[in-house]
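*Asks:* Attaching a single structure in structure tokens format; questions to follow.
The values are calculated or read from the model by the stated rules, or taken from the named source; none is laboratory data. Nothing here was measured: the structure is a model prediction, and the numbers come from that model. Heads up, the Cβs are rebuilt from the backbone with ideal geometry, glycines too, and the neighbour counts pull from every protein chain shown. Just so you know, the surface numbers come from the protein's heavy atoms only, side chains and all, with ligands and any DNA or RNA stripped out. Shrake-Rupley method; radii C 1.70, N 1.55, O 1.52, S 1.80 Å.
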Amino acid sequence: MMEIANLWRESVGDAPTRWWWSQFRVFCILCVSVSLVCPGVLLFGQSARSTHPEMLLSENDASEGLIKIDAIVTDRSGKPVVGLESTDLTLLDNGQPSKILSFQAFNGASVKPEPPVDVILVLDTLRMPGMLASHEREEAEKFLRRNDGYPAQPVSIFRLRDSGLWLLAEPSKDGNALAAEVARDDQGQSVRKALGPSGLFGSAPEDTPGLLALKSLGDILTLERRKPGRKLLIWIGPRREENGAPFDQQRVFNMIVWFSTLLRESRVALYSYSEGENQRDARSARYRDFLSGVRSIRDAEFEDLNRKVLAIQSGGRVLDSSEGLADQIGGCIAEASSFYAMSFNPAPASHPGEYHDLKVLIRTPGLTARSNAGYYDQVYYQDQPDLGAKRVTVEQFEQQLKKLHGKSDLEVAHGLSGLELTERLSDAKLSSEMAEFRGVKTREALIALADSSAFLSPPATEIPSIAPPTASEQRQMIALADTYLNEAIPRLPNFFATRTTVRFAQAPLDKNGSTTEHQPLHTVDSSRERVLYRHGKEEVDSETAKQSKQKADEPQLATYGTFGPILGVASDALIASTDFGWSRWEQDAGHTRAVFRYVIPRKKSHFRVGYCCLPDDDGTISFQTIPGYHGELTLDPTTGAVLRLTTEADLEGDLPIVRSDIAVTFGPVDIGGKAYICPLKSISLWRSRTVRLLALTDWGESFRSYGPFATMLNDINFSDYHIFRAESRVLTDTPTPEKK
């Protein structure tokens, strides 16, 4: 039917300057809170920044993979190698080649990372002999004063003492000032920022020095997770041996997974220097027995959290304590900005916390790559269908309902919860079933099933066996639709209506937040408010809005703009569609309707999809993109009135959003004694990754990471339409004559 679209454009033209088009050109934004930050909003005709001005917007690259790592490539002498291409590297995931989806090469000169790589210097003197502590401080000062006190990278300084973990200096490139701060701290004169008596995690009387140091490392890493960019963390402290910890293997395994994920997601490469260690002592190399990664709970040992082990697994190094410390720190800094950032998608995991070994191989002989040694895979990295759902046609669904007659409300609702429709359930059939089943839970299940099917085709038995209209008849329908959109809609009066929203959600997590557990769509909230349509804009009367029962930190999806601006999609379909054509006839309440399909490519799209907020950094970065979209336009063939409109976003790549669909049904309503076509019902269906907190509850610290997928659905009905009139009187200060 491309001929129809071409003929249509010849008759009305691609005229974006038309009045209606200029008024209603659609900009759609969908911003969703996933367990952590802000409520979600679906807007037409507003900007994302006006919705959440405190949020930073990030146009995410759909080609990026979910797992991001940094790699340093060195030659035989340990010198960083730059200038490699992605084809020079091979990434192995559990020994199998994995496709590198994004790749950036930084050479420290012409191509530098932004923000610059931060260097974090940790001076650990916890229960350390005074002589060793003095040597540690002297070497740190010596490094900071090199190159006339101008380190190549910004440096921040922490100090771990018996009194706790302290922040001595924020990131700075003034090495002399930093060195002076270290000296003042050693003399007890420094103005320091405490991170708690023994770090943010706190301490317990039985905590060993090794455990306190590990907690302090967790403090620093969680702080750095909130900052963008790559970091080098150089930990200078005594060698500590732990013969165990007061944790069972399950807790130790959880700690191993937590630190591994945190190091990778905070983009920290750890470098470990053991002050006063004897390199000839065989115990100094014992950490090498724990470098292969922990694959199961029964293999977990506290020694797997040794600072040297974490350093190697993060892509950092264990520094040689027999060599000059200041020179070795300088060597670490030299490789800070010459690295390769890449991403890939994890392999499907068979169970949560499945360990995967990582290796980066270089084609050129003699070159070696250092990067994260592995990652803990999760089953929810891929959106997985509910294998337990039974897919049924509308006819099979009706048969199932007949079997449930006479059952209790809970039994009927439970019987429907495992079903998934493969065809659209019409409003008429839904109303009929709702009239038969009066139970609250059953009615909720019926609505959720019907709304979820709103974007499917109706059963073949419900499609009239009428010959498709001729090309000429189709052109006539399209011309009527254009007239309707450009003449009838702008003449709508100012009016208000009651909007009732029922929100559904599918919870993806069990109590522990560790495994995926299917839960069907269920009601989580409802609200009612008066919506005013005035001069082509939609406003909500805050005084009439019924307060939501939902907590602010729970997932929400709110929808606005379905009165007039949503019809900009219909105008888009007529003007910008690359595949506008006939689909089918449909029957609705005894009337025959014409259904056309349309496709809007991304380059012509104005459909902005947003998501709040990504787990990156401090949790205030929202995601947005402008995808293409497609859908159907249902018309009254005799008047051109738009009676139903669907839009389905074409979301590609590894976006946090996998589905963003809208369906709006229009029908005649009486406003001020005249009949108008207005929205009667709208459905918004959204599916995205959640954001979860990975926490060590005993230590009271956590960071954000992606979690399982979740679905949210809004069922919105409009009623009680009334004309909006403003009455006024002119009052003067002229006194009214007194009656005699």
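*Asks:* Name the one entry in ASP327, ASP304, ASP320 that is surrounded by 22 or more Cβ atoms within 10 Å (Cβ to Cβ) and in contact with a Phe, Trp or Tyr (Cβ under 9 Å, 6 or more places away or on another chain).
*Replies:* ASP304
*Asks:* Can you pull out the residues in segment 136-161 that are under 13 Å from PRO238 (Cβ atoms) and out of contact with any strand residue (DSSP E or B) (no Cβ under 7 Å at 6 or more places or on another chain)?
*Replies:* Result: ARG161, single match.
*Asks:* Now for a different question. Could you check, for segment 453-462, whether at least one of its residues is more than 30 Å from HIS351 (Cβ to Cβ), within 35 Å of the chain's Cα centre (by Cα), of a type in the set (A, V, I, L, M) and open to solvent by less than 30 Å² (accessible area, probe 1.4 Å)?
*Replies:* yes
*Asks:* So in segment 290-301, with the set limited to residues that are of a type in the set (A, V, I, L, M) and without any contact (Cβ under 8 Å) to a residue 60 or more places away in the chain, which one is most open to solvent (accessible area, probe 1.4 Å)?
*Replies:* ILE297
*Asks:* Tell me which strands (runs of 3 or more DSSP E) are completely within segment 68-162 and hold 3 or more residues being farther than 30 Å from ASP185 by Cβ and of a type outside the set (Lys, Arg), or say none if there are none.
*Replies:* 89-93, 96-98, 102-107
*Asks:* A follow-up question, please. From GLU395, GLU420, GLU436, which residue is at pLDDT 95 or above and over 16 Å from VAL502 (Cβ atoms)?
*Replies:* On inspection, the qualifying residue turns out to be GLU395.
*Asks:* For residues that are part of a loop (DSSP other than H, G, I, E, B) and touching a strand residue (DSSP E or B) at 6+ places or on another chain (Cβ under 6 Å), scanning just segment 286-317, find the one that is nearest to ARG704 (Cα to Cα).
*Replies:* Among residues in segment 286-317 that are part of a loop (DSSP other than H, G, I, E, B) and touching a strand residue (DSSP E or B) at 6+ places or on another chain (Cβ under 6 Å), the one nearest to ARG704 (Cα to Cα) is SER314.
*Asks:* A follow-up question, please. Looking at (1) of a type in the set (Gly, Ala, Ser); (2) under 15 Å from LEU233 (Cβ atoms); (3) in contact with a Lys or Arg (Cβ under 9 Å, 6 or more places away or on another chain), find the lone condition where ALA179 falls short.
*Replies:* With (1) of a type in the set (Gly, Ala, Ser); (2) under 15 Å from LEU233 (Cβ atoms); (3) in contact with a Lys or Arg (Cβ under 9 Å, 6 or more places away or on another chain) applied to ALA179, the lone miss is (2).
*Asks:* What number of residues within segment 584-613 satisfy the criterion of being at pLDDT below 90, assigned to a strand (DSSP E or B) and open to solvent by less than 10 Å² (accessible area, probe 1.4 Å)?
*Replies:* Adding up the residues that qualify gives 4.
*Asks:* Continuing with the same structure: Using the structure shown, decide if LEU635 is within 13 Å of MET477 (Cα to Cα) and either modelled with pLDDT of 90 or more or of a type outside the set (Ser, Thr, Tyr) (or both).
*Replies:* When the stated conditions are applied, LEU635 passes them.
*Asks:* Got at least one residue in segment 183-190 being open to solvent by 40 Å² or more (accessible area, probe 1.4 Å), acidic (Asp, Glu), over 16 Å from ILE329 (Cα atoms) and modelled with pLDDT under 90?
*Replies:* yes
*Asks:* Can you tell me which residue among ALA326, ALA336 is modelled with pLDDT under 95 and touching a strand residue (DSSP E or B) at 6+ places or on another chain (Cβ under 8 Å)?
*Replies:* One residue alone meets the criteria, ALA336.
*Asks:* Output the number of the condition that ASN176 fails; it satisfies all remaining conditions of (1) surrounded by 16 or more Cβ atoms within 10 Å (Cβ to Cβ); (2) modelled with pLDDT of 95 or more; (3) more than 29 Å from GLY700 (Cα to Cα).
*Replies:* Only one criterion is unmet by ASN176, namely (1).
*Asks:* While we're looking at this one, here's another question. Against the condition at pLDDT below 95, open to solvent by less than 10 Å² (accessible area, probe 1.4 Å), under 36 Å from the mean Cα position of the chain (by Cα) and under 30 Å from PRO154 (Cβ atoms), how does GLY237 come out, does it pass?
*Replies:* When the stated conditions are applied, GLY237 does not pass them.
*Asks:* When you check SER86 against the structure, is it at pLDDT 90 or above, open to solvent by 40 Å² or more (accessible area, probe 1.4 Å) and either over 18 Å from ALA369 (Cα atoms) or not hydrophobic (A, V, I, L, M, F, W, C) (or both), yes or no?
*Replies:* Taking the combined requirement at face value, the residue satisfies it.
*Asks:* Now, a different point. So, in segment 161-173, exactly how many residues are surrounded by fewer than 16 Cβ atoms within 10 Å (Cβ to Cβ) and within 20 Å of LEU217 (Cβ to Cβ)?
*Replies:* The qualifying residues number 3.
*Asks:* A further question follows. Starting from segment 451-464, take each residue that is closer than 12 Å to GLU420 by Cα and list its partners that are at pLDDT 95 or above and in a loop (DSSP other than H, G, I, E, B), counting only C-beta distances under 6 angstrom and pairs at least six apart or across chains.
*Replies:* Within 6 Å, the pairs are SER453/ARG424; SER453/LEU425; LEU456/GLU423; LEU456/ARG424.
*Asks:* Something else: Would you mind stating whether SER622 is at pLDDT 90 or above and surrounded by 19 or more Cβ atoms within 10 Å (Cβ to Cβ)?
*Replies:* Considered against the rule, which asks whether it is at pLDDT 90 or above and surrounded by 19 or more Cβ atoms within 10 Å (Cβ to Cβ), SER622 comes out as no.
*Asks:* If you don't mind, there's one more thing I want to ask. Out of all the residues in segment 261-285, which are part of a helix (DSSP H, G or I), open to solvent by 20 Å² or more (accessible area, probe 1.4 Å) and at pLDDT 90 or above?
*Replies:* Scanning segment 261-285 gives a single hit, GLU265.
*Asks:* Okay, next question. Pairs only if they're at least six apart or on different chains, beta carbon under 6 angstrom, first in segment 594-605 and under 12 Å from THR646 (Cβ atoms), second part of a helix (DSSP H, G or I); list them, first residue then second.
*Replies:* TYR598/ALA573
*Asks:* Determine whether LEU651 is modelled with pLDDT under 85 and either under 27 Å from SER102 (Cβ atoms) or in contact with a Phe, Trp or Tyr (Cβ under 9 Å, 6 or more places away or on another chain) (or both).
*Replies:* Spelling it out, it is not the case that LEU651 is modelled with pLDDT under 85 and either under 27 Å from SER102 (Cβ atoms) or in contact with a Phe, Trp or Tyr (Cβ under 9 Å, 6 or more places away or on another chain) (or both).
*Asks:* Taking segment 625-666 as the search range and keeping residues that are in contact with a Lys or Arg (Cβ under 9 Å, 6 or more places away or on another chain), among the β-branched types (Val, Ile, Thr) and open to solvent by less than 30 Å² (accessible area, probe 1.4 Å), which one is nearest to PHE344 (Cα to Cα)?
*Replies:* Per the stated criteria, the residue is ILE657.
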